[in-house]
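No lab work stands behind these numbers, since they all come straight from the coordinates. Keep in mind that what you see is a predicted model, and the values were worked out from it rather than measured. Note: ideal-geometry Cβ built from the backbone for every residue, glycine included; neighbour counts use all protein chains shown.
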Amino acid sequence: MKKTFIIVAIIIVVLFGIYTFFKSSYNSMVKLDENVSEKWAQVENVYQRRADLIPNLVATVKGFAEQEREVLVGITEARAKASSMNINAENMTDANFKAFQEAQDQLTGALSRLMVTVERYPELKSDKNFQELQAQLEGTENRIAVERRNFNTATKEYNQTIRQFPKNILASWFGFEIKPYFEAVAGSDVAPKVAF
């Protein structure tokens, strides 16, 4: 009788240990996955802020530089494309993520062309509305960089967890997949040449 009780107790302890391991592993992966989703929502939030600033910026520039129609149309089209890209943490495949990042990079390029155009119009650069919009846009670009870094940090922690043994086995059972990172734009490692 005593031997049976010990064997049953050992089995219960082992089963409880296995249950505890599965529960804590699964819950930690869920927590990390939700953290990635939260960080992604913040990235989308700051990109939306930038997209919301652009119509005001374009309208201000349009009043001063109507002949720069090509630049203004380009930025409007890039904004529309970037705003139409809708991905969330659940459908964040490499292809979807790359398409989203390319659309945002095109919008960044269009904004850069707009700022170069502005240099030709000193009266625009001194306009109070334009200066305020430009300052907000610069602040938003900084927020984008911070949120992208936060997203990459959360993604790294999540990816490391689901790739480590034995959690990688549990991750595959429960459908946890590796998430992509934001990467630098091609050619951003080369410093621009400035000629005076």
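Some points to look at:
- Each 10 Å bin from zero up to the one holding the largest Cα-Cα distance in the stretch 88-153 carries the following percent of pairs: 17, 40, 26, 14, 3.
- Size of the chain: Rg and Dmax of its alpha carbons, in Å, are 25.0, 96.
- Helices in the chain that qualify as membrane-span-like (whole DSSP H runs, Cα extent of at least 20 Å along the helix axis, mean Kyte-Doolittle hydropathy of 0.0 or higher) are 2-64.
- Fewest-first ranking of L114, L137, using other Cβ atoms within 10 Å as the exposure measure: L137, L114
- Exposure proxy ranking for M1, M29, based on other Cβ atoms within 10 angstrom of each Cβ and starting from the fewest, stands as M1, M29.
- Only helices enter the 222 nm calculation for the chain: every DSSP H run of n ≥ 4 contributes -39,500 (n - 2.57), and dividing by all residues gives -27500 deg cm²/dmol, rounded to 500.
- Within a Gaussian network of the chain (alpha carbon springs, distance under 10 Å), most fluctuating of Y19, Y181, Y121: Y19
- The stretch 90-135-the stretch 1-27 distance, computed between alpha-carbon centres (Å): 58 Å
- The stretch 41-174, relative contact order in percent, only Cα pairs under 8 angstrom and at least six apart counted: 34 percent
- Mean-square fluctuations from a GNM of the chain, with a 10 angstrom spring cutoff on Cα atoms, peak among Q104, Q131, Q48 at Q131.
- Counting other Cβ atoms within 10 Å as a rough exposure proxy, the listed residues D33, D94, D127 run D94, D127, D33 from fewest neighbours to most.
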